[in-house]
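Notes for the one structure printed next.
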Amino acid sequence: GAGVSQTPSNKVTEKGKYVELRCDPISGHTALYWYRQSLGQGPEFLIYFQGTGAADDSGLPNDRFFAVRPEGSVSTLKIQRTERGDSAVYLCASSLRGQIYNEQFFGPGTRLTVL
Amino acid sequence: SQKIEQNSEALNIQEGKTATLTCNYTNYSPAYLQWYRQDPGRGPVFLLLIRENEKEKRKERLKVTFDTTLKQSLFHITASQPADSATYLCALPSGGSYIPTFGRGTSLIVHP
């Protein structure tokens, strides 16, 4: 199919390690979003890209979190010095133009577990 | 910023009945409100969007209402089926951005 894909589907790491999570959006979608979701909660916004640039990174919890989208397609979310509190499902979504009424298409998520 | 309230208790109903889920928000009326469905282990799937100037929106067995006076949206599934069992999330823009903020979702369980 041509949906949003995310890799890996599961990632287990140790506290203090560095991780990268990848998102491949729907082809032609210029807007890309990262969320994280803890058990029993709704997705929590992290960062929004319009093309290659981060248009809104107000949801990143601290400077250990960083995301890039160098060619305006695939995006990588990078987490340095992971902490146990970073454990969650990290969701990626894309939309056609990122405009107000555009629906978001979500990927299946990456489940991150920090031991 | 907005606080979004969805009932944390699961809604259990019998097959064939109408399920009604509630989404309340606390502050200013948003430009739109969305409803998503999420199955375990999967990402949310968009269902419906209703704009601030719309009172009601329908799609097949789904109906969404938007009452800006009550600061509430209701999501209805008519003739519910066990396959409708999932968590339903509402989302609306918060703060100065059009990016949606999600509620925690309500679990719907339809019994055969």
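Values quoted throughout were computed directly from the atomic coordinates according to the rules given, and no laboratory measurement underlies them. Source: prediction; values computed, not measured. Note: ideal-geometry Cβ built from the backbone for every residue, glycine included; neighbour counts use all protein chains shown.
Mind putting a number on the dipole of the protein assembly as shown about its Cα centre? Charges go on the C-beta only, +1 for Lys and Arg and -1 for Asp and Glu, and I need it in Debye to the nearest 20.
160
If the only charges are +1 at each Lys and Arg Cβ and -1 at each Asp and Glu Cβ, what is the size of the charge dipole of chain B around the Cα centre, to the nearest 20 debye?
160
Taking only Cα atoms and a 10 Å spring cutoff, compute GNM fluctuations for chain A and point out the largest among A:Val12, A:Val74, A:Val89.
A:Val12
What is the order of A:Ser9, B:Ser107, fewest Cβ neighbours within 10 Å to most?
A:Ser9, B:Ser107
What's the center-to-center distance, using Cα atoms, between segment B:30-60 and segment A:1-70 in Å?
Centre-to-centre (Cα) distance: 22 Å.
I need the calculated FRET efficiency for the pair B:Tyr28 and A:Glu14, taking r as the beta carbon distance and R₀ as 30 Å, to the nearest 0.05.
0.10
Give or take rounding to whole Å, what are the principal axis extents of the alpha carbon atoms in segment A:17-65, in descending order?
Extents along the principal axes, in whole Å: 31, 25, 21.
Quick one: order B:Lys17, B:Lys63 by neighbouring beta-carbon count within 10 Å, fewest to most.
Arranged by neighbour count, lowest to highest, B:Lys17, B:Lys63 become B:Lys17, B:Lys63.
Which of the chymotrypsin sites (Phe, Trp or Tyr not before Pro) found in segment B:28-84 are loop residues per DSSP with 15 or fewer other Cβ atoms within 10 Å of their Cβ?
Passing both the DSSP loop test and the Cβ count: B:Tyr28.
Over segment A:31-115, what is the relative contact order in whole percent, taking alpha-carbon pairs under 8 Å and six or more residues apart?
28 percent.
Starting with the fewest neighbours, write out A:Glu71, A:Glu44, B:Glu52 ranked by other beta-carbon atoms found within 10 Å of each beta-carbon.
Ranked by crowding around the Cβ, least crowded first: A:Glu71, B:Glu52, A:Glu44.
Over 19 Å between Cα atoms: which of B:Lys3/B:Lys55; B:Lys17/B:Lys59; B:Lys3/B:Lys63; B:Lys17/B:Lys63; A:Lys15/A:Lys78; A:Lys11/A:Lys78 fall into that group?
B:Lys3/B:Lys55; B:Lys3/B:Lys63
Between A:Ala2 and B:Asp39, how high is the FRET efficiency from 1/(1 + (r/R0)^6) when r is the Cβ-Cβ distance and R₀ = 22 Å? Nearest 0.05.
0.65
Mind checking Rg over Rh on the protein assembly as shown, alpha carbons, Kirkwood formula for Rh?
A ratio of 0.97.
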